[in-house]
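First up is the structure itself, then whatever we jot down about it.
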Amino acid sequence: MKTKIINTKKVSFFCCLFILFCFNHKLHSQIIYTDIPDATPNASYSLDLNNDTIIDFIFGFGGSGSSIGVFCNPLNNNAYAGNFVNGTYFPWALPASNTICASLTTWYDYNTPGTMGLGASIGYWPGETNKYLALRLIVGAHTYYGWARLDFLEMSGSFTIKDYAYQSTPNACIQAGQSNLSSNENMGQSVFSVYPNPFNSSATIQTSSNYKNVSLTIYNYNGQIVKQKTNYSGKTFSLFRENLPNGAYFISLSEENKIIGIEKILISD
């Protein structure tokens, strides 16, 4: 196992404002990145995100046969990002470059273990490769954000954890897959963008690839779904405000129940 501390100078404009407002004595952020031999456990995997010998998350199996599942169990006050559907908590499987911080809508702690995958069709993780789990770490009075990269078999009978990282500046954002400045630059742009943003009555969603049967979900800051649209196809979609009030929201695109990406949007008059 090797651990690196890297100074970073590039963060999103929104995150820069947040960090400068809350921690104006900080000039640079630091990312603690840990590269491990790819681990494919038979029973469970204990993740110590900040390598302080205290276990922060446990990934474990449950169920049997075609209903084998993998679950994420945060310990202490730590949490994962996801959503709540029909009585079940589902951690998101994020693509690279998605921003992870307080504004990533809903976080779930030790009271709400998350179903990463159950069989081949339940959850966002079955069959996914090189996707990122957004993690929130509480140490004393401080909050940190990070990620873990995993692969899943299609039937959720096995998973592999590859590496993980966290932003060592309290409350600072990190991008999924970000380990240092140079690798972050090579991760590419976000998989979709919204423009104009902020917008008044309508906006355009531009994706980096052609998609079919895309579902669009908008969440408010409390993690509540305020709008859903389905059956989008192509690379460009129209987004209409309709009856949404002014404010900040998060828009999630998914294809066949697989998360494409999540972005922040602002609506103003």
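The values are calculated or read from the model by the stated rules, or taken from the named source; none is laboratory data. Since we're looking at a predicted model, the values are computed, not measured. With ideal geometry, Cβ positions are generated from the backbone for all residues, glycine too; neighbour counts draw on all protein chains shown.
Observations
- Considering the conditions (1) surrounded by fewer than 20 Cβ atoms within 10 Å (Cβ to Cβ); (2) under 19 Å from ILE174 (Cα atoms), GLY119 is excluded by exactly one of them, (2).
- Residue in the stretch 228-248 that is touching a Lys or Arg at 6+ places or on another chain (Cβ under 9 Å), under 18 Å from ILE100 (Cα atoms) and among the hydrophobic types (A, V, I, L, M, F, W, C) present: yes
- Sole residue being at pLDDT below 85 and either under 27 Å from ALA120 (Cα atoms) or of a type outside the set (Lys, Arg) (or both), chosen from LYS258, LYS212, LYS229: LYS258
Residues checked against (1) surrounded by 14 or more Cβ atoms within 10 Å (Cβ to Cβ); (2) of a type in the set (Ser, Thr, Tyr); (3) modelled with pLDDT of 90 or more:
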residue: GLY177; (1), (2), (3): yes, no, yes
residue: TYR195; (1), (2), (3): no, yes, no
residue: ASN222; (1), (2), (3): no, no, no
residue: LYS235; (1), (2), (3): no, no, no
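- Taken together, LEU47, LEU75, LEU94, LEU27 contain a single residue that is modelled with pLDDT of 90 or more and either outside the structural domain of SER168 (by TED's automatic domain parsing) or surrounded by fewer than 20 Cβ atoms within 10 Å (Cβ to Cβ) (or both), which is LEU75.
- The stretch 195-204, residues that are in a loop (DSSP other than H, G, I, E, B) and in contact (Cβ under 8 Å) with a residue 40 or more places away in the chain: ASN197, PRO198, ASN200, SER201
- Condition check for ALA141: among the aliphatic types (A, V, I, L, M) and closer than 13 Å to ILE100 by Cβ: no
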